[in-house]
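Scroll down for the structure; my scribbles are underneath it.
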Amino acid sequence: MRARYTQSFKRQAVEKALSRADGTTLAEITDSLGIGQSTLNKWIVKSRNQQLGSSSEHDSASIGGVRKEKRPQDWNQEERLDMLIACGSLDEAAMNQLCRERGLYAHHVSQWKQDFISGVTANERSDAKSLKGEVRELKKELNRKDRALAETAALLVLQKKLSTIWGSDEDNSR
């Protein structure tokens with residue numbers, strides 16, 4: 001017989017698993033709750049994908065108190081600054097733990113720090129990338145036009161030499 005669990009129980013189990021103390025393992029949590037480890041893992045994945053079911057008291061960005069992880073590029077400037085401030089006083093291990101909880105890697109935080117120091121925003125970085133592409137296209141166009149101009153100049157020089165050798169049409173018509 002397959003056990004049925006309420007959405008509330010599932011949310012609480014996921015919350016307990018994700019907010020566990022450093023020494024506690026998932027196996028200990030699943031044993032205390034009387035569920036299988038694979039079941040809990042499925043619930044965690046579903047909660048991250050916002051498929052576990054939400055209750056009306058939670059906003060659309062969180063499921064059962066568990067926030068859906070955002071991609072690093074989806075963080076706005078204010079959220080990035082808050083994360084930098086939170087990581088500022090932490091040692092490397094604590095920073096890595098906080099990053100894992102928020103769905104980031106430490107190198108994202110390091111990159112954001114460098115961006116804030118240099119004054120570069122994500123929009124400016126993407127603008128610079130698009131400008132580089134535009135410059136590349138303009139250089140190709142300029143090279144094409146230079147070749148066409150050189151070809152036209154060569155044809156004019158040949159036409160002038162030919163008219164010098166054979167004479168112009170005006171001289172022959174007289």
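No value in this document is a laboratory result; all are computed from the given coordinates. Worth saying up front: this structure is predicted, and the values here are computed from it rather than measured. In this analysis, Cβ positions are derived from the backbone assuming ideal geometry, glycine residues included, and neighbour counts consider all displayed protein chains.
Applying 1/(1 + (r/R0)^6) with R0 = 35 Å to the Cβ-Cβ distance of ASP74 and LEU33, what FRET efficiency is obtained, to the nearest 0.05?
0.60
Among ALA148, SER163, ALA128, pick out the residue whose Cα is farthest towards the positive end of the charge dipole of segment 122-166, where Lys and Arg carry +1 and Asp and Glu carry -1 on C-beta, about the Cα centre.
SER163
Could you give the nm distance between label points at ARG100 and LYS139, where each point is 7 Å from its Cα heading toward the beta carbon?
That separation, rounded to one decimal, is 4.4 nm.
Over 28 Å between C-alpha atoms is what I'm after, so list which of LYS70/LYS129; LYS16/LYS70; LYS42/LYS70; LYS140/LYS161; LYS139/LYS160 land there.
LYS140/LYS161; LYS139/LYS160
Mind ranking 35-47, 90-102 by how tightly packed they are, going by the mean number of other C-beta atoms within 10 angstrom, highest first?
Those peptides, ordered most packed to least, come out 35-47, 90-102.
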